[in-house]
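Notes follow the structure.
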Amino acid sequence: MNIQVKRGASLMLSCVDDRGDMTGATITASVRQKGFSAALTFRAVDLAAGQYEISATATETATWPLGLLSCDIKTVLDDSTDYTETFIILMQEAITP
């Protein structure tokens, strides 16, 4: 999965965990590029159905470096720690001021 985002734009990803009920899980995500790392914000939508969102505000993405950023999502539930596959966020400069 590759996602394109303009610097200074909001980022919001709607997620559904295919394992189903994520009640009680700790879910975190971050983006990374050499010399840069930023945590994304988690919001529960319906954890019983495995639904949640990860996001970053326009103010946050305004400081992100241009180019390819790696991202994954970490889920800790009971005694199990799992990660999504790493996906790429292509951070681009906005054209229109």
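Scanning the stretch 29-55 for residues that are farther than 20 Å from GLY67 by Cβ and among the hydroxyl-bearing types (Ser, Thr, Tyr) returns THR41, TYR52, SER55.
Name every residue in the stretch 26-62 that is part of a loop (DSSP other than H, G, I, E, B) and within 16 Å of the chain's Cα centre (by Cα), in order of residue number.
From the stretch 26-62, those part of a loop (DSSP other than H, G, I, E, B) are 34-35, 40, 50, 57, 62; that's our starting set.
Hits for the stretch 26-62 are LEU40, GLY50, THR57, ALA62.
Of all residue pairs spaced 6 or more apart or on separate chains, those with beta-carbon atoms under 9 Å, a first member in the stretch 1-19 that is touching a residue at least 12 places away in the same chain (Cβ under 8 Å) and in a strand (DSSP E or B) and a second member that is among the acidic types (Asp, Glu) and surrounded by 12 or more Cβ atoms within 10 Å (Cβ to Cβ) are LEU11/GLU60; MET12/GLU53; LEU13/GLU53; SER14/GLU53; CYS15/GLU53. The residues of the stretch 64-97 that are surrounded by 11 or more Cβ atoms within 10 Å (Cβ to Cβ), more than 20 Å from SER14 (Cβ to Cβ) and among the β-branched types (Val, Ile, Thr) amount to a single one, VAL76.
Within the stretch 3-27, the set of residues being within 20 Å of GLN51 (Cα to Cα) and surrounded by fewer than 16 Cβ atoms within 10 Å (Cβ to Cβ) comprises ILE3, SER10, MET12, SER14, VAL16, ASP18, ARG19, GLY20, ASP21, THR23, GLY24, THR26.
Only the coordinates and a few stated rules stand behind these numbers; no lab work does. For clarity, every value in this text was computed on a predicted model and none was experimentally measured. Reconstructed Cβ throughout: ideal geometry from the backbone, glycine too, with neighbour counts over all protein chains shown.
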